[in-house]
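The values are calculated or read from the model by the stated rules, or taken from the named source; none is laboratory data. This one's a predicted model, so the numbers in the text were calculated from it and none came from an experiment. Neighbour counts run over all protein chains shown; Cβ positions are idealised from the backbone, glycine included. We work out accessible area using only protein heavy atoms, side chains counted, and drop any ligands, DNA or RNA first. Shrake-Rupley method; radii C 1.70, N 1.55, O 1.52, S 1.80 Å.
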Amino acid sequence: MALLEIQDLHARVEGHEILKGLNLTINAGEVHSIMGPNGSGKSTLAAVLARRETYEVTRGRVLFNGKDLLEMKPEDAACEGVFLAFQYPVEIPGIGNAYFVRSAMNAIRKFHGQDELDAMDFLPLYKERMKILEMDDKLVNRSVNEGFSGGEKKRNEILQMAMLEPKLAILDETDSGLDIDALRIVAKGVNAMRGPDRAFLVITHYQRLLDYITPDFVHVLVDGKIVRSGGPELALELEDKGYGPSEADVPQALPA
Amino acid sequence: MSTTANNTENENATATGKLGTYLEAYGELIAERQERDPVWLRQLREDAWRRFYANGFPTTHDEDWRFTNLAALAKTSFQRAVKGSGTVTAEQIEGFRVLGAGCRLVFVNGHFAPELSDVCDLPNTLEICSLERGIAKAMEGSASNGSAPVGCAPEGIEQHLGRYADLRRDVFTALNTALWDDGAYLRIHRGAVIERPIHLLYVSAGAGAAIMTHPRTLIVAEPTSHSAVIEDYVSIGDETAFSNAVTELVAGQDAVVSHFLVERENLAAFNVSTLRLELARGTNVSSHSILLGGGLVRNNVHPVLNGEGAECLINGLFVGAGRQHLDNYMLVEHAQPLCSSRQFYNGILDDRARGVFHGRIVVHKDAQKTDAKQTNRNLLLSDDARIDTKPQLEIYADDVKCTHGATIGQIEEEQLFYLRSRGIEETSARNLLLYAFAAECLDRMPESPAREFVAELIRVRLTDLAQNHQVAVLAAPVEEETQHWEEVR
Ligand SMILES: Nc1ncnc2c1ncn2[C@@H]1O[C@H](COP(=O)(O)OP(=O)(O)OP(=O)(O)O)[C@@H](O)[C@H]1O
Ligand SMILES: [Mg+2]
């Protein structure tokens, strides 16, 4: 059984149809990358999978681990193992970073009938993973993302992912705004989590990230649909030639 | 013509009719206190009574009461609670205890309840007693010409009581001054550092009729002393009551004082609290108002910065649901140069609750280099909730810095989604966001048992609110209110 199975997904935002019949299957252990022009619907797909209520699904079916994902609330999807690293992580003044992650972990543990972690169990683990991501200790008690630099916000998303250990991690342009060192660190964090039980959906515009996180499949999303799929080499080709249809797909102009 | 005359007569008749129960209460009280009140106090009461009786309760035509309609208060006939009305046991008030408090005075329906109070372990640098006892002792003292009794040296009472709270400006202060039965008297000696907060618990306990109390508190913080006082209003049972409290807090040079007002009465309660702060040179005084309960609440905070370099923090949180009406009226007077005042009020309103923040700053002629700041932030959780916020500046000096800002917003869908996307269930997520907003107010309090105490009250209140609130929120950006200072000349 596939981990994620999307069939003929249509979704709209504020009355505009953005996803127009999207199909995608992801198996556990795989890394998929989605590329595509601005506004093509990549973040919309991510939001629908994370069950954001302002995105309305009008048609189609999504199964996650055999369960109907579209029936789930955001918190249920998260507890089932869906994680979204946001393109634009929101700042939440007044809620401590570590406190937030511990609350999230405990919510998920509770869902699975596990005991809650207290601060003593949690903190060493949290700090250890922070160290891997080369994050400053002082971010522990700062409010969630408040006053974080762009790079710190993105690393904070990966840190949360590392703590929550999802089955499917969707990374929405986690690479944008990162300098090359930060990119390497983030990729290291992601690669450390690759494994047979976990899948990744990596949304990006750049081959740069895929040099570090090698995908098994690359898909091109244009105007709400996947128009092409291929292996890692497709990303290189896209970087070279843009998102237009491949030459093979374009009818050859007739010789004069 | 005759009809008009009749109408006028009728109106007058009903107006005095409405004040009739107050007149009765006043007559009763004066008769009771014939022997007990010293002459100066009798005069003060009489003057206050005249003020109140001549004016009656304000209407919404009065600019200071524009957003708060007192009709329901005015038409209820409240009885003065006689001593011993409403029996309260120690168990009943056990739940109101403040952990870590140094001592506690308990008042039941406006009367001191020594058997419920707890004043052991007092440092000898702190005098605390009921105001009535203090005055009684002062009377004995002057009669026998002996020294003041142990526990309370009440010579400060005459010097300070009624000197600051302005009964000419405010009829509720006048009413309180005329009708108070009892309250607390505190004197913190020069240089004393009182580590643990002093808890003043004012309990309204149903006595079979709508009762009124007029608690009066006098706090004299002598120079360079440090102290914290919690004034706490609670009710037992769900009967309606009217608490009209006045507190005068006098801070001597370089004194540091924190005052906490906690309003957690039942939803049928009317509560008018007036806190008058007098700040001498170099003082650092903070007022923290936590309004969680009460049906109709008016919270008046009136600091006068009356010595160079005085600093005043006016911090507050009001949380309303149902049909609660929570009105905050700030009057910050800068009377001397180089003082700074900071007003921060956060409001959370759900259902049909209504909040008011009226922040008035007066900078007197001599108060050069005044630095005054005012911020009011509000979260509205329902379409029917409402906040009226009104900044007002009255300025007679030329070298001053005054800023103000007000925001009105809703819980942000983006933040709520972020929390939920990590597995946190909607109610908890909402609760976390509410608490984060309220925590801005807690962060402005020094770490202390008083802060722990109010933090817990807030946590419980917000959990209730998050649970009751099942209406879906729509994406709603925080809108900056473009309200300008109203200039008063
Ligand atoms: N909340 C919203 N309200 C209105 N329109 C929206 C909203 N979210 C997305 N859209 C619109 O939907 C379309 C797809 O947006 P989406 O964010 O999914 O694109 P994207 O592929 O992630 O683009 P980018 O590469 O720029 O991140 C865009 O035209 C965008 O303007
Ligand atoms: Mg996007």
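Figures for the structure shown
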{"quantity": "Residue that is nearest to the other protein chains (Cβ to nearest Cβ), among those in the range B:381-427 that are hydrophobic (A, V, I, L, M, F, W, C) and in a loop (DSSP other than H, G, I, E, B)", "calculated": "B:ILE424"}
{"quantity": "Tally, over the range B:73-107, of residues that are closer than 22 Å to B:ARG169 by Cα and either surrounded by fewer than 14 Cβ atoms within 10 Å (Cβ to Cβ) or within 19 Å of the chain's Cα centre (by Cα) (or both)", "calculated": "1"}
{"quantity": "Residue list for the range A:103-132, restricted to those being within 14 Å of chain B (Cβ to nearest Cβ), open to solvent by less than 60 Å² (accessible area, probe 1.4 Å) and not hydroxyl-bearing (Ser, Thr, Tyr)", "calculated": "A:ALA104, A:MET105, A:ASN106, A:ALA107, A:ILE108, A:LEU117"}
{"quantity": "Any hit, the range B:274-287, residues being open to solvent by 10 Å² or more (accessible area, probe 1.4 Å), at pLDDT 95 or above, in a strand (DSSP E or B) and under 23 Å from B:ASP464 (Cα atoms)", "calculated": "no"}
{"quantity": "Evaluation of A:GLY15 against (1) touching a residue at least 40 places away in the same chain (Cβ under 8 Å); (2) more than 29 Å from A:GLY147 (Cα to Cα) (one fails), failing number", "calculated": "(1)"}
{"quantity": "Test: residue in the range B:119-127 that is within 16 Å of B:ALA184 (Cβ to Cβ), open to solvent by 40 Å² or more (accessible area, probe 1.4 Å) and at pLDDT below 90", "calculated": "yes"}
{"quantity": "Residue that is open to solvent by 20 Å² or more (accessible area, probe 1.4 Å) and within 16 Å of ligand 2 (Cβ to nearest atom), where the choices are A:HIS205, A:HIS219", "calculated": "A:HIS205"}
{"quantity": "Within the range B:167-199, considering residues that are out of contact with any Gly (no Cβ under 8 Å at 6 or more places or on another chain) and at pLDDT below 95, the one least open to solvent (accessible area, probe 1.4 Å)", "calculated": "B:LEU167"}
{"quantity": "Hits in the range A:29-63 (condition: closer than 15 Å to A:PHE83 by Cβ, within 12 Å of the chain's Cα centre (by Cα) and away from ligand 1 (no atom under 13 Å from the Cβ))", "calculated": "A:VAL31, A:HIS32"}
{"quantity": "Failed criterion for A:VAL90 (all others in (1) free of Cβ contacts under 8 Å to residues at least 60 places away in the same chain; (2) open to solvent by less than 60 Å² (accessible area, probe 1.4 Å); (3) away from ligand 2 (no atom under 16 Å from the Cβ) hold)", "calculated": "(3)"}
{"quantity": "Search result, residues across the range A:152-198 that are within 14 Å of chain B (Cβ to nearest Cβ), away from ligand 1 (no atom under 16 Å from the Cβ) and over 14 Å from the mean Cα position of the chain (by Cα)", "calculated": "A:MET163"}
{"quantity": "Sole exception among (1) assigned to a strand (DSSP E or B); (2) open to solvent by less than 20 Å² (accessible area, probe 1.4 Å) for B:HIS302, by number", "calculated": "(2)"}
{"quantity": "Leading residue by the ranking (nearest to ligand 2 (Cβ to nearest atom)) among those in the range A:52-73 that are over 28 Å from A:ALA235 (Cβ atoms) and within 14 Å of chain B (Cβ to nearest Cβ)", "calculated": "A:THR54"}
{"quantity": "Among the residues listed as B:LEU338, B:LEU349, B:LEU326, the single one being more than 14 Å from chain A (Cβ to nearest Cβ) and surrounded by fewer than 23 Cβ atoms within 10 Å (Cβ to Cβ)", "calculated": "B:LEU338"}
{"quantity": "Among (1) surrounded by fewer than 13 Cβ atoms within 10 Å (Cβ to Cβ); (2) at positive phi, the one test that B:GLY110 misses", "calculated": "(1)"}
{"quantity": "A:TYR88 of a type in the set (Phe, Trp, Tyr), within 16 Å of ligand 1 (Cβ to nearest atom) and more than 15 Å from the chain's Cα centre (by Cα)", "calculated": "no"}
{"quantity": "Scope the range B:361-391; condition over 15 Å from B:PHE344 (Cα atoms) and of a type outside the set (A, V, I, L, M); matching residues", "calculated": "B:HIS364, B:LYS365, B:ASP366, B:GLN368, B:LYS369, B:THR370, B:SER382, B:ASP383, B:ASP384, B:ARG386, B:ASP388"}
{"quantity": "Entirely in the range A:55-169, the helices (runs of 4 or more DSSP H) that have 2 or more residues that are more than 25 Å from B:LEU434 (Cα to Cα) and at pLDDT below 95", "calculated": "A:119-132, A:150-164"}
{"quantity": "Pairs, first over 14 Å from A:ARG228 (Cα atoms) in the range A:29-52, second part of a helix (DSSP H, G or I) and among the hydroxyl-bearing types (Ser, Thr, Tyr), C-beta under 8 Å, six or more apart", "calculated": "none"}
{"quantity": "Residue match in the range A:225-241 (condition: in a loop (DSSP other than H, G, I, E, B), within 16 Å of ligand 2 (Cβ to nearest atom), farther than 30 Å from A:ALA119 by Cα and at pLDDT 95 or above)", "calculated": "no"}
{"quantity": "Subset of the range A:64-85 (residues that are touching a strand residue (DSSP E or B) at 6+ places or on another chain (Cβ under 6 Å) and either among the aliphatic types (A, V, I, L, M) or within 16 Å of ligand 1 (Cβ to nearest atom) (or both))", "calculated": "A:LEU69, A:LEU70, A:VAL82, A:LEU84, A:ALA85"}
{"quantity": "Meets criteria (away from chain B (no Cβ under 14 Å) and at pLDDT 95 or above) for A:SER40", "calculated": "yes"}
{"quantity": "Qualifying position, being β-branched (Val, Ile, Thr) and open to solvent by 10 Å² or more (accessible area, probe 1.4 Å), among B:THR240, B:THR247", "calculated": "B:THR240"}
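Listed here are the residues, each with its yes/no results for (1) open to solvent by less than 10 Å² (accessible area, probe 1.4 Å); (2) within 28 Å of A:GLY177 (Cα to Cα).
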| residue | (1), (2) |
| --- | --- |
| A:ILE18 | no, yes |
| A:VAL31 | yes, yes |
| A:VAL57 | no, no |
| A:GLY66 | no, no |
| A:LEU70 | no, no |
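Residues checked against (1) in contact with a helix residue (DSSP H, G or I) (Cβ under 7 Å, 6 or more places away or on another chain); (2) in a loop (DSSP other than H, G, I, E, B):
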position: B:LEU249; (1), (2): no, no
position: B:PHE260; (1), (2): yes, no
position: B:VAL332; (1), (2): no, no
position: B:PRO337; (1), (2): no, yes
